Structures are given as C-alpha cells and as structure tokens.
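Peer 1: Before we start, here is the structure in question, set down as structure tokens.
Derivation of every value follows stated rules applied to the coordinates shown; laboratory data play no part. The structure presented is a predicted model; accordingly, all values stated were derived computationally and were not measured. Note: ideal-geometry Cβ built from the backbone for every residue, glycine included; neighbour counts use all protein chains shown.
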Amino acid sequence: MTGLQDKLTPQQVEDFGRELDEIRQRIVADLGQVDVDYIHNVIKTQRALEVAGRGLLFAGFFPPAWVAGVAALSVAKILDNMEIGHNVMHGQYDWTRDPALSSQKFEWDTVAPSENWRHSHNYIHHTYTNILDKDRDIGYGILRMDPAQKWNPYYLGNPVYATLLALFFQWGVMLHDLEVDRVAKGERTWAENKPVLKKIVRKAGRQVGKDYVLFPLLTGPLAPLTFLGNATANLTRNLWAFSIIFCGHFPADVESFTEEETENESRGQWYLRQILGSANITGGKLFHVMTGNLSHQIEHHLFPDIPARRYPEIAGEVRAICEKYGLPYNTGPLRKQLFSVAKKIVKLALPWNGEPRTPATVESDKTLRAA
C-alpha cells in the first residue's frame, strides 16, 4: 500500500484530473434520447420477465415451468437491482426530469429501503471510497477485507461471515445502515437508529409479504413451490450481486487509504483514489448489462452519476489515461477476480496477515522508498 502523494507529481495530478473531467463533460453534453430509450427498454424487459416468471410459477406442478419461472424471476430481480435500481438511485437519469427515473423517488425490489441506501452508498461510500474508518463498505462492518484493519479473534470466522453475507446479501445491505458495529463500540446509540429501523421494518415487511405470503397464496395448492421459487430467485440475485460488488472492490492490489492521506484532496487526487480503490471485470455485452455495468467499477467510481450504459464506451479512454500516467488499471475475468477475493477473505482471517495502517506507517513507507 502506497501513499497517494507518491503516485504522481502535483502537475501530473492536475493534468490527470483535467483529462478525466474532459471525458465527463463530453459524455454529459452528449446525453439524450438514446439513453432514455435504453433505460425504458431495460425496465420493460425487467417487468416482462417478472410477469412471465410469476405466471409460470402458477404452472409450477410442471417442473420445466417451475424452472423457467424461477429463471425469469431471477433475471428480473437482478436487472431491477443492478441495471435499474442501483443506477437510477445514483441520479444517472435525474436530468430527464422523469418522475419514474427520479433518484429520490425510486424504490427497488429488495429489503433495503432506498432512502437508507442512498445515504450509506451514494454519500458515504462514494465520497470516502476505501478510506479506512470512513468507508463502511470496507468489510461491511463484519468482515476483515484489508490488512490495515486490526486483527482480532472474531475475524477467524471471515470465510463463514462472507458466505452468510453472500447468501443473504439483501439483508446484509439492509442491516448495514444500522451500523451495529458502531453501536457495539459505543459510537452510536439504538435511539439514533430508530428512524432507520422504522424504515427497515416497513420495507422488509412489504418485501416478505409480497414474495413469501401474497404470491404463494395466489397460487393456491402450489404455494410451497411458489414460496421456494421466490426464495430461489432472491438467493440467485443475492449471490450474483455479492459476487459482482466484491469483485469490483476487493480483489488483490486494490488499495485503501488513511484519512490523513486524503485530507484536502483535489479533484485529481479524488479521481486517483477511485482508480486505485476499484477493479473491473471483463465480459461480453449481456454480462455487463446483468452487472448493471458495475463490471466497469473503475468508471463507475469515477463518474457515479453518468448513465452506466456509457461506461463501456469510455473504458478504453480511461485505461489509456492510466497507462499514460503509469497507473494500474485492475481488470480481469470474473473467475480470476472472484478467486482473488476469496483468497483475500481467507488470508485476512489469520492474524499474521497485515498490520494497521497509520500516519506513522505511511511516513515509514515514504522514507523506505526514498532511501
């Protein structure tokens, strides 16, 4: 792990930031009907898949129909979560002034309330990306995902916690907003959590009622099969979302930073931190759509409010800029990035891997490199 100040000279940082700003300005100026048509078509496809999936579960007594229904519903939930919900709530389509695409009004098909998520993700994570003790997405409050996180015996369960988080990812995202780890440390009280908890109970109640009560009951004697089908679709979405998100944030060589390193950072330094703290996943067009284009996590962290469908067209430019300034551009196929993440989860469960990163260790790193 190296300091941000050691990557580029002040002039290079300024030039680097200007080149990325130029990409952003060009894309923003080019936004138009083609972007609106794209997201509307994705929404229509998602709704058609959900209707088809739920309809096929009414014929769940016929195994092929049940399998097809679960598959369609799984894809619908993934599209709603990744390509629609995540991106719309980032404000990527607020410029359209379409109420259906408003980041402040959109609600997604998951137990995590959108209002809570917008604060913890859009604000906290995207402002303080990979800053230790500021970005709560580093480990989600339950995992050790960076060697700078001080080890304690609890982390021996890292692989178990990660597995449970993958299986119940929507619930993990929901509970993330309660900041239970901070409550345990006395940094936050349960009284402060009441407004957040109220929203969680209301939203989770609606989701559970829809997937595990209403729709199963509508299929009469097939209710157990419908219940199982809905649970399988949610599980599929959870595993997919966990895999894509973790592969974008935690493969080998993704860096983290201290608050001291990022004090008074310029726009160029902020861009630099996003690139060093992110990773991409290679794949085809359909793969990128199914990831919500979070397979282009580097571009997403650079430009979170630009429509994600634009990331593939600028990825080559961003990579070329990184090469120009001698910066890494972390990318690879899903299997490679996923294996890297799994390896890190297991490795960091052990006490002899890593040490806390402090201002003192940052200065020590600089001294050693200078010598």
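Peer 1: At a Cα cut-off below 12 Å, give the aspartates and glutamates reachable from LYS347, other chains included and same-chain residues fewer than 8 away excluded.
Peer 2: The reachable aspartates and glutamates, counting only those whose Cα sits under 12 Å from LYS347, are ASP146.
Peer 1: Place +1 on the Cβ of every Lys and Arg and -1 on the Cβ of every Asp and Glu in the chain, take the dipole about the Cα centre, and give the residue among VAL254, ASN116, ALA279 whose Cα lies farthest towards its positive end.
Peer 2: Positive-end residue among those listed: ASN116.
Peer 1: Now a separate question. Using amide H atoms built in the peptide plane, which far-off residues or other-chain residues are under 5 Å from ASN280 H to H?
Peer 2: When sequence neighbours closer than 5 places are left aside, the close amide H contacts are ILE298, ASN330, THR331, GLY332.
Peer 1: Leaving out same-chain residues fewer than 8 places away, which lysines sit with a Cα under 21 Å from that of LYS324?
Peer 2: Those lysines meeting the cut-off are LYS7.
Peer 1: Students often get this wrong, so try it: which of (i) 61, 56, 54; (ii) 75, 51, 40; (iii) 81, 64, 39 is Cα extents along the principal axes in Å as calculated from the structure shown?
Peer 2: Evaluating Cα extents along the principal axes in Å on these atoms matches (ii).
Peer 1: Give the longest segment of the chain that steers clear of trypsin sites (Lys or Arg not before Pro) in DSSP loops with at most 10 neighbouring Cβ atoms within 10 Å, not counting the sites themselves.
Peer 2: Values: sites that count: ARG97, LYS185.
Formally, the longest exposed-site-free interval is 186-371.
Peer 1: Can you tally the net charge around LEU218? Count Lys and Arg as +1, Asp and Glu as -1, for every other residue whose Cβ sits under 15 Å from the Cβ of LEU218. Intermediate values should be presented prior to the final figure.
Peer 2: Values: positive: ARG54, LYS210; negative: GLU50, ASP211.
Computed value for this residue: 0.
Peer 1: Charges only on Cβ, +1 for Lys and Arg, -1 for Asp and Glu: so what's the dipole of the chain about the Cα centre, in debye to the nearest 20?
Peer 2: Working: 41 positive and 42 negative charges, 267 e Å.
About 1280 debye.
Peer 1: Which residues does a label at GLU263 reach in the stretch 117-149, if reach means a backbone N under 17 Å from a point 7 Å past the Cα toward the Cβ?
Peer 2: 131-134
Peer 1: Going down the table (LYS77/LYS134; LYS134/LYS343; LYS44/LYS285; LYS285/LYS336; LYS44/LYS77; LYS105/LYS210), which pairs top 22 Å between alpha carbons? Mind dumping the intermediate values first?
Peer 2: Numbers: LYS77/LYS134 30 Å; LYS134/LYS343 24 Å; LYS44/LYS285 18 Å; LYS285/LYS336 19 Å; LYS44/LYS77 13 Å; LYS105/LYS210 20 Å.
Violating the 22 Å Cα-Cα cut-off are LYS77/LYS134; LYS134/LYS343.
Peer 1: Kindly put LEU73, LEU8 in sequence by how many other C-beta atoms sit within 10 Å of each C-beta, fewest to most. Present the calculation step by step, with values, prior to reporting the outcome.
Peer 2: Working: LEU73 28, LEU8 19.
Fewest-to-most Cβ neighbours within 10 Å comes out as LEU8, LEU73.
Peer 1: Taking the simple approach of a point 7 Å from Cα along Cα-to-Cβ for both LEU218 and LYS347, what is their distance in nm?
Peer 2: Reported label-point gap for LEU218 and LYS347 is 4.8 nm.
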